[in-house]
Every structure is written in C-alpha cells, then in structure tokens.
Amino acid sequence: MLLVYSFLFTLGVIVTAPYYLWRLRGSLTSVSDWGERLGFLPHRFQQAERGAIWIHAVSVGETFAVTGLVREIHQRYPERSIFLSHVTTAGREAGEARLPGIAGRFLLPLDWSMCVRRALRRIRPALLVVVETELWPNLIRSAHDAGARIVVVNGRISDRSFPRYRLVRPFMHRVLADLDCICAQSEVDADRFRSLGAPQDRVAVSGNLKFDAQPPQLGEFAKLLSRALAALGRAPVIVAASTMPGEEKLLLPAWERVRERHPRALLILAPRHPARFEDVAALFAERNLSFVRRTILAAEQRQLTSQIAPTDVLLLDTIGELAGIFELADIVFMGGSLVPTGGHNVLEPAFWGKAILFGPHMHNFRDIVQLFLRRDAAVEVSDPGELGRALLELLSAPERRRQLGDAARRVLDAQRGATERVLRVLAERLDSAVASSPRTERAE
C-alpha cells in the first residue's frame, strides 16, 4: 500500500509544482529550505543517541496551539533536544517568535521514505508528536521502524476530510496502526479515528490544546497604534482576521455601511496568507478606499498618528502581529467563514474578551463554534448582508458587546486542562521509548 501511496504522492508533487511555484512567486525559499524539504537537516542537529523529541506543527495555528505544551516539555525534560517542524514558512516564523529556546526547527521533508529517513537519522527522536491530523504515511512508518513512539495531539478529523478518509479506510487502518496514542480533541473526533481503524485502546479524549494557549503580550506596534487611535478619537475599531480569497469583496459592503453610520471607524483587515497582500491592496485601490499598509507605517508615535488620521482601512500585511491587534478591537470578524474554506480559530479574540462574529462556514472549528454558540459567546451570520446588520446592531449596543466578550472568556477558561492530560500521555511514551530498541523494519 505504501508503494502505491508513494507513487501517487510523487505524481501529486509533479502536477501541483507549477501552482505552488506561481504562488511563491517573488518569495521562493532559500537553498537551505529546499534542502530541508529533501531531509538534509543542518549538521548541528546531529544527535549522538536516540532521545530527542520531534514535534510537527503544520503552520501558524498549530504552532500557536502547541506553544504551551512545548514549553512544558522543555521545562520537564531539559536534557532532551526538542525539534519543531512545519510545512509552511509562516509556521516556522511563528515557531521562531514563540519558541526561541528549542534545539532546532526545520521545514518538514517531503513524504518520501528516503527524505524522512534522512531526517530521522539526523535527530534520532525517541518521540514524534504530530499536531492535529498531519498523518504523513511514510513519516509515520519510518519513525515507527526507527523506534520512536508516535503520538497525535489535538487530534481532529474535519467534516470535510472524514468522508475522504473513509474511502481509503484499509490504508488508513494500516497508517493508524503505527501510532502509539491519539489524543483527540472531542468524542466525535475520537470516534472518527476509531472508525478508520485506530486501535480502541490507543484513542483518548484529551481536549483542545488551543484553549490552553496564551496570547502574546501587546507588541510595540499595537501599543503605538492604540495611543494613536486614542489621540485621534478614532472609534469603533473592527478587525477582520484571516480573510480568504474572495472574502474581502463580500466584507467591504458591510464595512461601508458601518462607515456611513460611524465616520470615525477604522477597519483593520488581515489576509490569511502573505501571498495575498498585494491582491488585497489592489482591491482596496480599485474601490477607491483610503487605506494604509502596516509595512509602511512609521515606528515613531507622531508620524504614525498622522499616517492613520486620514485612512479608513489598515491592511495588516505582516506576520505575527494579529494576536495583539485583537486587543484594540470593538468587534472581531473571523475570516474564512463567509467563503467555504472552514473558518479560523476564535480563541485568540476570546482571550481579550471581544465580541466575535463569523459566517456559516466554520466546519474546521466545528466543536469550538458549537460551544461558543451554545453559551451565547459569539454571533453567526448567514451572509454578507446579515453581517452588515449585525455589525451595526452590536455597535449600537455596547452592553451586548460586553456580554459577548465576557461569555467568550468564560468559555475559554472553562475548557482549559488539555496540556496537562497530554503531558501525562507523552511521559508514558517517552519512558517506554527509552527502554526499547528500534523496531525491526518490515517489508512494504
């Protein structure tokens, strides 16, 4: 089965390569990054003996989710080298910012056996921790055969992915058999893993690590912007977070309705992917919107205030600043939800106790969204027209905004504890990994 998978994976890489090269136009990664994709990790990562911990978090959201967990592991096992891998460069940048003290970080090798084995020989992990559903079959098989214990944390299978996994259930059964434990976010996720063939006794519900994540402190820019807005009397502030392709066109009519009623309002819009910054800027220019890009704003208070004064929209074309910007918002709209891309995480604005809105397409955060809606801690809108009405209603009802924000924070606080439950699982697997020798490699 793995041979068939490897063939199809290779075919997929060849077919999709032109698209990804186009998407990365102007920002192609360095030679060392391409080397990491092929499993050539830096020589300084070399481990003399097995015992390291490899944690794989695909991108920014997954990295934020496991930040607290990684810090706890580092504190409890200071003698172990910790390596963090990502699929995206944005994920690696997030890891660099939040976890500077680990032994190393790298881009995940392409899922060819020769590439992942090359990386495994370099860092020699006793434990491989996979975040959410990054189930790369050759990586899992090779790590298993090398003697590493493999644990999925914050495990989830989305509504969209589950039917596709069921179509290849025999293959998924073989992949899941190599996992030592799956710490699922919810009972629904746990049942889905079991139905795909995961051994019953290796699946447990540990909760969602994202509830345990801590937001970053306000960065210097957020502090400067807060003072500039206060000096100008600019309010209210609407933050549209992690917007996706096609969504800005749906959002802008709602924003224009707000602007008519609240002429001193400011929209802070953060596209999800850096590759889209130029496209969104072009859209604003096409619609004759007064906007300013974060990357051209001054670092000095007086100049920043004068730059913000005439603008209607701040385009947040940077990475890593959005979490702090939430603190400035009166209302937060979570992107990826007016278009069918699955939405984004509502927990970061909940940390700041903000009123949260989102559209109908939040299936990637199914359980969190249902919990927030049941507790009256967020508002779901069905379309762009309803978004405009909801924004105006909330802006005219400060007490309602406060109630929503307080409820969001209470939901967050009540769901904590996943980190400690996962740590107990990892400790058991680390102990057993150290006591064992590498498994015998099997034929395909």
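Quick one: dipole size for the stretch 323-377, taken about the Cα centre, charges +1 on Lys/Arg Cβ and -1 on Asp/Glu Cβ, in debye to the nearest 20. Write out the running numbers ahead of the final one.
On the way: 4 positive and 5 negative charges, 37 e Å.
Its charge dipole is roughly 180 debye.
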For log10 I(q)/I(0) by the Debye sum over Cα atoms at q = 0.07, 0.08, 0.10 Å⁻¹ the list reads (i) -0.37, -0.49, -0.76; (ii) -0.64, -0.73, -0.92; (iii) -0.31, -0.41, -0.65; the calculated value is entry (i)
Given unit charges at Cβ for Lys, Arg (+) and Asp, Glu (-), the dipole magnitude of the chain about its Cα centre in debye, nearest 20, is 460 debye
Evaluate E = 1/(1 + (r/R0)^6) for Arg118 and Asp376, where r is the Cβ-Cβ distance and R0 equals 45 Å; express this FRET efficiency to the nearest 0.05.
0.30
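Assuming a viscosity of 1.567 mPa s and a temperature of 4 °C, what translational diffusion coefficient in µm² per second does Stokes-Einstein assign to the stretch 74-217, Rh being the Kirkwood radius over Cα pairs? Mind dumping the intermediate values first?
Values: Rh = 16.2 Å.
D = 80 µm²/s.
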Dipole in debye (nearest 20) - the stretch 147-229, about Cα centre, beta carbon charges: Lys, Arg +1; Asp, Glu -1:
300 debye
Of the accessible area of the stretch 176-270, with the probe set at 1.4 angstrom, what percent is carbon plus sulfur?
53 percent
The stretch 310-444, accessible surface, carbon-and-sulfur percent (1.4 angstrom probe):
49 percent
Only helical DSSP H runs with n ≥ 4 go in: add -39500 (n - 2.57) per run for the chain, normalise by residue count and round the 222 nm mean residue ellipticity to 500 deg cm²/dmol.
-14500 deg cm²/dmol
Ratio Rg/Rh [Cα only; Rh per Kirkwood] for the stretch 77-158
0.94
Kindly report, to the nearest 10 Å², the accessible surface of Asp159 as traced by a 1.4 Å probe over protein heavy atoms only.
60 Å²
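Counting only heavy atoms of protein chains, what accessible area per residue, in Å², does the stretch 259-330 have with a probe of 1.4 Å? Intermediate results must be reported in sequence, preceding the final value.
Details: 3390 Å² over 72 residues.
Solvent-accessible surface per residue comes out at 47 Å².
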Listed highest first by mean packing, meaning other Cβ atoms within 10 Å per residue, what order do 150-156, 368-374, 67-73 come in?
150-156, 67-73, 368-374
Unit charges at the beta carbon, dipole of the chain: most positive-side option, His43, Asn154, Cys181
His43
In a solvent-free Debye calculation with one equal scatterer on each Cα, what is log10 I(q)/I(0) for the stretch 130-204 at q = 0.24 Å⁻¹, listed in the order of the q values?
-1.14
Which one, Ala94, Val130, Trp112, projects farthest toward the positive side of the charge dipole computed for the stretch 92-134 from Cβ point charges (K/R +1, D/E -1)?
Trp112
Give me the accessible area per residue for the stretch 116-199, probe 1.4 Å, as a whole number in Å².
32 Å²
Determine, from the Cβ-Cβ distance of Glu300 and Ser195 and an R0 of 60 Å, the FRET efficiency 1/(1 + (r/R0)^6), rounded to the nearest 0.05.
0.55
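With the alpha-carbon atoms as the only input, what is the per residue convex hull volume for the stretch 287-372 in Å³? Intermediate results must be reported in sequence, preceding the final value.
Values: hull volume 10.3 nm³, N = 86.
Enclosed volume per residue, from the Cα hull, is 120 Å³.
Please work out the ratio of the alpha-carbon Rg of the stretch 322-426 to 2.2 N^0.38 Å and round it to two decimals. Provide the component values of the computation, followed by the final result.
On the way: Rg = 14.2 Å, N = 105, 2.2 N^0.38 = 12.9 Å.
In units of the globular-protein estimate, the stretch 322-426 measures up at 1.10.
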Where does the stretch 119-162 land on Rg(C-alpha)/(2.2 N^0.38 Å)?
1.26
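The values are calculated or read from the model by the stated rules, or taken from the named source; none is laboratory data. Everything numeric here is computed off the predicted structure, so don't read it as measured data. Cβ: placed from backbone, ideal geometry, glycine included. Neighbour counts: every protein chain shown. Surface areas here come from the heavy atoms of the whole protein model, side chains and all, with no ligands, DNA or RNA. Shrake-Rupley method; radii C 1.70, N 1.55, O 1.52, S 1.80 Å.
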